[in-house]
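Heads up: the structure comes next, in structure tokens.
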Amino acid sequence: LWDSQALRRQGGLLDPEPPILPKIRLGSIRKYQTQAIEAIVAKRLDEPGGSALVVLATGLGKTFVAAEAIRRMRNKNEKVLVVAHTVDLVLQLEKAFWPFLTPEETTTVITGSDRPSEISDLKHFDFVFATRDSLANLISQEVQLPEFNYVVVDECHHLGTQVYENLLDSLGVGKTSGPFLLGLTATPWRPNGDGLDHRFTEPVISVDLARGLNDGYLANVDYRMFTDNINWEQLENLQGQALSPKAINRTLFIQEWDDAVVDRVKESWDELGRGARGIVFCGTIDHAIRMTNRINAMGFTNARAIYSGGKGENRVSITPVERNKMLWDFAFGRIGILCAVDILNEGVDVPDVNLVVFQRVTHSRRIFTQQLGRGLRLAEGKDKVIVLDFVTDIRRFAAGLQLDRDLQQTRRANPGKPLIVNLNSKVTFRKSTSDDLQGKTFLSHWLKDLDAVADAGEDASVLSFPSTDLLNSSE
């Protein structure tokens, strides 16, 4: 619609300052964000080839901190590389950085399908946003990349893989004369359980989920863990036995209860009213399709199954283009609920999500925290996120109890602090629509060492049931 001359004329009308500056001048930066930005700038001055790690729960503004820190540190001719492990994340990051740039600063993207016409043109761009694998492929082809002064790695808990380590080494990260490394994550645990100390020292800032909730920086969580699926009658046969999570789960839980799940989802949907938006995390593609069909049969909203690949008797493959359109429709409310399999854990920013349903068993606290984070972002008119947890794994109960204790401890640490929000975040144990206080009391007594239980392997004999008299206790 516009030729190059028209575009130049429009560009000449732009404010020469970054669009974010008026907001910053009004003092709208949160205190912890200011602390993080200043700490990053200080580390860069002290160690030009060093690194800084930012650990902020989902929704607390990791990208804001990184972009503003880069804006303050970067000199005119310095180059910035921003890396993530998925295309969706890379595209989202580029857009998130734009408000921090002047009209003269240029950006480009490198993915499997999107890149400059000539790789040699990379040297003309100030900011390069790239997927890890695309960069690794260029390096394997001995393509000469520009010398970057800053390397930002989003979701840096994925560091430690050979591809990532080779990539960072080839960029000179870790060398005195190399680029400054800035890592961003909400979950500073690598998939194998190790930390990130091979690339970073202590985080310059660390704000966890409980603090973010209690300080009012995240949407209030109404977390409901359902115990309908526990076969309490089996407990009398288990008293005093040392059991593994696998044995407990096999003995204690009834297998599937999809119809009851859909009933609870509809009740929560009605409770949230107009503007409800939900994600159901499922374990398999067939399960996601089954849940989608049941939700659509009830007719209270439009549901779709979303997953990567997969062909079979009851499924069709979903192309990347179809997935992107689905996410677009979800963001604009044309789809009310997405039933997701191994997708949406990271990098999806839909602040309007106010219903999260867990039906997928995951033994990773990293994935659990990331999935929960899909509903934590603040949005206009959103007073809380309802979380329905139907996961039949004893370690998930430990995770729920730990979240409850973290919230209580954070509140006790700030006894005189006024509430910023009207509703306290909470974790409740429920049977159908009523609270299960006896079940919570029993599980709290039994799962004393929550970290040990939450991180236990399938066959670790770390569990031992106490007396079932606690179920009948009035305490």
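The values are calculated or read from the model by the stated rules, or taken from the named source; none is laboratory data. For clarity, every value in this text was computed on a predicted model and none was experimentally measured. Reconstructed Cβ throughout: ideal geometry from the backbone, glycine too, with neighbour counts over all protein chains shown. The protein model used for the area step is the full one, side chains on, heavy atoms only, and it has no ligands, DNA or RNA in it. Shrake-Rupley method; radii C 1.70, N 1.55, O 1.52, S 1.80 Å.
Checking GLY212 against (1) in a loop (DSSP other than H, G, I, E, B); (2) at pLDDT below 90, which test does it fail? Every listed condition holds for GLY212 apart from (1). Considering the stretch 38-52, the residues that are of a type in the set (A, V, I, L, M, F, W, C) and open to solvent by 10 Å² or more (accessible area, probe 1.4 Å) include one that is modelled with the lowest pLDDT, namely LEU45.
Every condition in (1) open to solvent by less than 10 Å² (accessible area, probe 1.4 Å); (2) within 16 Å of the chain's Cα centre (by Cα); (3) modelled with pLDDT under 80 holds for GLY375 except the one numbered (3). Give just the number: which of (1) in contact with a helix residue (DSSP H, G or I) (Cβ under 7 Å, 6 or more places away or on another chain); (2) of a type outside the set (Val, Ile, Thr); (3) at pLDDT 85 or above does PRO188 not satisfy? The one condition PRO188 does not meet is (3). If LEU91 passes every condition in (1) in a helix (DSSP H, G or I); (2) under 22 Å from ASP208 (Cβ atoms); (3) among the aliphatic types (A, V, I, L, M) but one, which one does it miss? That leaves (2) as the condition not met.
Taking the criterion of being at pLDDT 90 or above, part of a helix (DSSP H, G or I) and open to solvent by less than 50 Å² (accessible area, probe 1.4 Å), the residues of the stretch 286-322 that qualify are ALA288, ILE289, MET291, THR292, ILE295. The residue pairs whose first member lies in the stretch 100-121 and is touching a residue at least 60 places away in the same chain (Cβ under 8 Å), whose second member is open to solvent by less than 60 Å² (accessible area, probe 1.4 Å), and whose beta carbons are closer than 7 Å, counting only pairs six or more residues apart or on different chains, are PHE100/PRO18; PHE100/ILE20; PHE100/ALA67; PHE100/GLU68; LEU101/PRO18; THR102/PRO18; PRO103/GLY11.
With respect to the conditions (1) under 24 Å from GLY172 (Cβ atoms); (2) surrounded by 15 or more Cβ atoms within 10 Å (Cβ to Cβ), GLY61 falls short on a single one, namely (1).
Each row is one residue, and each column tells you yes or no for (1) modelled with pLDDT under 75; (2) over 26 Å from GLN402 (Cα atoms).
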{"residue": "ASN324", "(1), (2)": "no, yes"}
{"residue": "ALA340", "(1), (2)": "no, no"}
{"residue": "ASN345", "(1), (2)": "yes, no"}
{"residue": "HIS363", "(1), (2)": "yes, no"}
{"residue": "GLN370", "(1), (2)": "no, no"}
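Applying the condition of being of a type in the set (S, T, N, Q) and part of a strand (DSSP E or B) to the stretch 115-170 and asking which residue is surrounded by the fewest Cβ atoms within 10 Å (Cβ to Cβ) yields THR161.
Scanning the stretch 15-36 for residues that are of a type in the set (A, V, I, L, M) and either open to solvent by 90 Å² or more (accessible area, probe 1.4 Å) or in a helix (DSSP H, G or I) (or both) turns up LEU21, ILE24, LEU26, ALA36. For the stretch 201-224, the set of residues classified as closer than 9 Å to ALA57 by Cβ and open to solvent by less than 10 Å² (accessible area, probe 1.4 Å) consists of VAL207, ALA210, GLY212, LEU213, LEU218, listed by residue number. Counting the residues of the stretch 86-108 that are within 20 Å of HIS158 (Cα to Cα) and open to solvent by less than 40 Å² (accessible area, probe 1.4 Å) gives 4. List pairs: first in the stretch 26-53 and more than 22 Å from LEU168 (Cβ to Cβ), second open to solvent by 20 Å² or more (accessible area, probe 1.4 Å) and among the hydroxyl-bearing types (Ser, Thr, Tyr), Cβ under 9 Å, 6+ apart or cross-chain? Matching pairs, first to second residue: ARG30/TYR217; TYR32/TYR217.
Within the stretch 174-193, residues that are surrounded by fewer than 18 Cβ atoms within 10 Å (Cβ to Cβ) reach partners that are at pLDDT 90 or above and assigned to a strand (DSSP E or B) with beta carbons closer than 9 Å, at six or more positions or on different chains, in the pairs GLY174/SER51; GLY174/LEU181. Within the stretch 328-342, being farther than 16 Å from LEU355 by Cα and crowded, with 20+ Cβ neighbours inside 10 Å holds for one residue alone: VAL341.
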